[in-house]
Amino acid sequence: MTTDAVKTALSRQEIELPSWAFGNSGTRFKVFSQPGVPRSPEEKIADAAVVHRYTGVAPSVALHIPWDKVDDYAALAAYAKEQGVRLGAINSNVFQDDDYKLGSVTNPDPKVRRKATDHLLECVDIMDATGSRDLKLWFSDGTNYPGQDDIQDRQDRLATALKEVYDRLGDDQRMLLEYKLFEPAFYTTDVPDWGTSYAHCLELGPKATVCIDTGHHAPSTNIEFIVAFLLRAGKLGAFDFNSRFYADDDLMVGAADPFQLFRIMNEIVRGDALDSDRGIAFMLDQCHNIEVKIPAIIRSVMNVQEATAKALLVDRDALRAAQASGDVLGANAALMDAYNTDVRPLLAGLRETQGLDPDPVAAYQRSGYFEQIVKDRADGQQAGWGA
């Protein structure tokens, strides 16, 4: 692919930002406070709009309900538009209430299951009001001890709830089913892996797709294989991009293994699935606990851009020829040549042609925005986990 073609493809890339990444967050042991953190959904959107202003590729913001609950979602969507962004996926939350100690939609108590399912349906109502396409579901449901509950019954309960919500979706709406290998359930997790998610999505129909979270797998899992498989099956709906050293660390994407991020994006490019019209949502899912929020998110967006640029630079003809002839080293070299290319000058040039600063982080730091929000947001309850 020529340099101009690479720049054209990169100019069409879109990366969705998570509202919760701008709020206070922490570990299981402590939520850490930072100055200037948003106090409302509107201020989270304003911060996300700043990221888009400096990167040019982050035009949408995912909401988390009830963390981003408001009285008027249509007005919130209008506010986002005024800020130069739009509202994206609606993320449900059925893991923080005391009622969900033994699960939400798989809970043995039908009253709790009803409460959880009603929340998911409420999220579809919010999608109607905001114009959002995607409902993202993640369940902490599972068990801690052998015999605690019937594993097959829990899958039946899950399928029943998913079907009810699926049937409520509009023609242009869809469901993204996320998974997580473990935690907070330690014996069984009801949606532990991409295969479980895929099986349920396959049973539900075309509006149900898998959301790959890059931090939710067993160690050494070949994530790019999962990407390739789901692309082939037409069931890859979204990514939750983050990075991990041990478990679900939710660090900046590419922080632990940038080569893995490149390999993932290589499969996306190979499958001609980069453009937004292919329907794959490239979303960040990160909690910046010790680093300053906005520059960390800008850095994460830039990391995805760099991995994508390298994937676009792979010499596909040389790669195919080497693969077809059984030239193992030649095929590997075709990938490594692209990965080892310094694409930062290419991206800096692209930003300049778009009227953007070639260094988004430096431009943000010069802007004075952080100093201003620290001053303006000194009073009031800051947003964060559970807020």
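Computed values, structure above
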quantity: Beta bridges per DSSP with both ends in the chain, % antiparallel, nearest 5; calculated: 15 percent
quantity: Interchain or long-range residues, amide H under 5 Å from Arg86's placed H; calculated: Ser60, Val61
quantity: Expected-Rg normalisation [2.2 N^0.38 Å, Cα atoms] applied to the stretch 317-365; calculated: 1.75
quantity: P(r) of the stretch 212-325 over all Cα-Cα pairs, binned every 10 Å from zero, in whole percent; calculated: 14, 45, 32, 8, 1
quantity: Relative compactness, the stretch 235-387, computed as alpha-carbon Rg over 2.2 N^0.38 Å; calculated: 1.25
quantity: Longest to shortest principal axis, alpha-carbon extents of the stretch 35-105, angstrom; calculated: 43, 27, 23
quantity: Rough spin-label spacing in nm, given labels placed 7 Å along Cα→Cβ, for Ile151 and Tyr246; calculated: 2.7 nm
quantity: Note, ³J(HN,Hα) from phi for the stretch 235-252, Karplus 6.51, -1.76, 1.60, rounded to Hz, x at Gly and Pro; calculated: 10, 8, x, 6, 10, 10, 7, 7, 9, 8, 9, 10, 10, 7, 6, 6, 8, 4
quantity: Fraction of accessible area attributable to carbon and sulfur, the chain (%, probe 1.4 Å); calculated: 51 percent
quantity: Accessible-area order (highest first, 1.4 angstrom probe) of the listed residues Lys180, Lys207; calculated: Lys207, Lys180
quantity: Solvent-accessible surface (1.4 angstrom probe) belonging to Tyr369, in square angstrom, nearest 10; calculated: 50 Å²
quantity: Computed accessible area, Arg351, all protein chains, 1.4 angstrom probe, square angstrom; calculated: 10 Å²
quantity: Extended-chain gain in nm, criterion 0.36 nm per residue less alpha-carbon gap, Arg344 and Leu329; calculated: 2.7 nm
quantity: Residue pairs, from the table Lys7/Lys136; Lys30/Lys293; Lys180/Lys235; Lys111/Lys180; Lys30/Lys69; Lys136/Lys180, whose Cα atoms sit over 20 Å apart; calculated: Lys7/Lys136; Lys111/Lys180; Lys30/Lys69
quantity: Karplus-derived 3J(HN,Hα), 6.51/-1.76/1.60, for each residue of the stretch 307-317, Hz, glycine and proline x; calculated: 5, 5, 4, 5, 5, 5, 7, 4, 6, 5, 5
quantity: Cα Rg, Dmax, the stretch 162-218, angstrom units; calculated: 12.1, 38
quantity: Exposure of Ser11 as accessible area (Å², to 10), given a probe of 1.4 Å and all protein chains; calculated: 50 Å²
quantity: Largest to smallest principal axis extent of the C-alpha atoms in the chain, angstrom; calculated: 58, 58, 41
quantity: Residues whose placed amide H lies under 5 Å from that of Ala281, excluding near-sequence neighbours; calculated: Ala238, Phe239
quantity: When the stretch 276-332 is reduced to its Cα atoms, the Kirkwood hydrodynamic radius in Å; calculated: 14.4 Å
quantity: Measure of compaction for the stretch 88-175 (Cα Rg per 2.2 N^0.38 Å); calculated: 1.11
quantity: Heavy-atom accessible area per residue - the stretch 229-366, 1.4 Å, Å²; calculated: 44 Å²
quantity: Dipole in debye (nearest 20) - the chain, about Cα centre, beta carbon charges: Lys, Arg +1; Asp, Glu -1; calculated: 380 debye
quantity: Of Ala255, Val269, Leu181, farthest towards positive along the dipole that unit charges on Lys, Arg, Asp, Glu beta carbons give the stretch 151-274; calculated: Val269
quantity: Residue-averaged [θ]222 nm for the chain, counting only DSSP H segments that reach four residues, each worth -39500 (n - 2.57); calculated: -14500 deg cm²/dmol
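The values are calculated or read from the model by the stated rules, or taken from the named source; none is laboratory data. Treat the numbers as computed from the prediction; the structure is a model and nothing was measured. Positions of Cβ are backbone-derived with ideal geometry, glycine not excepted, and every protein chain shown enters the neighbour counts. Heavy atoms of the whole protein, side chains included, go into the accessibility calculation; ligands, DNA and RNA do not. Shrake-Rupley method; radii C 1.70, N 1.55, O 1.52, S 1.80 Å.
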